[in-house]
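Structure record follows, encoded as structure tokens.
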Amino acid sequence: MKEGEPPHRLRRLSDEEIALWTEVARSVARRRGASLPIPSRPLAPKQAAAPGPAGPGPAAKPAEKPRAPPLAPIERRLKRELARGRGAIDGALDLHGMNQAEAHQALRGFLRHSQARGAKLVIVVTGKGGPLDEPAPLGQERGVLRRLAPHWLREPDLRSIVLGFEEAGRAHGGSGALYVRLRRGPGNP
């Protein structure tokens, strides 16, 4: 704003804009002390918003699925310790030679078992996809498990097990392996 100019005045919202905003505002949780704008004249029944509190009510919660806990990056200090060979790896799974279905099932079982026995950090070896000078088997492509493992680790049903994951250090396989941090299991301290 330039010096000497009058301050910009906000215009009043039209009744249709208020109705639209009210509908949008009802889909999110309301902040404390916030109120919805009120139209200057009653809206036609087709435009009127449904009465009730803004935000999801008790009836809306059972229909929603619980959100999966977020993934967290592996701390820099732990990565440095692992790179120096001082970090403790509680288990390892090698997916070499498995097809996608076998690898997916093996990964899920391994992670559940590792969490149940109290493991905090495991390594999953996916491989790098084999030598590039050799042709891939008919109907297959190179590095499929390497590409799919991160997607599997992000799946909502594994979020209760997986805290975070990152590419392993060179000493542990580099881009052909993943460090996977596990959440504490229900019975583990």
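The values are calculated or read from the model by the stated rules, or taken from the named source; none is laboratory data. Keep in mind that what you see is a predicted model, and the values were worked out from it rather than measured. Here the Cβ is made from the backbone with ideal geometry for all residues, glycine too, and neighbour counts use every protein chain on show. The area values use the complete protein model at the heavy-atom level, side chains included, leaving out ligands, DNA and RNA. Shrake-Rupley method; radii C 1.70, N 1.55, O 1.52, S 1.80 Å.
Among all positions in the stretch 132-144, there is no residue which is modelled with pLDDT of 90 or more and open to solvent by 40 Å² or more (accessible area, probe 1.4 Å).
Of the listed requirements (1) assigned to a loop (DSSP other than H, G, I, E, B); (2) under 17 Å from Leu158 (Cα atoms), Ile89 misses just one: (2). Annotation note: Cβ proximity below 6 Å between a residue of the stretch 151-167 that is farther than 14 Å from Arg183 by Cβ and a residue that is open to solvent by 30 Å² or more (accessible area, probe 1.4 Å) (sequence gap 6+ or interchain) occurs for Trp152/His104; Glu167/Ser175.
Does Gly118 satisfy being over 21 Å from the mean Cα position of the chain (by Cα) and either within 16 Å of Gly164 (Cα to Cα) or open to solvent by less than 40 Å² (accessible area, probe 1.4 Å) (or both)? In short, yes.
Condition test on Glu102, is it among the acidic types (Asp, Glu) and at pLDDT 90 or above? Yes.
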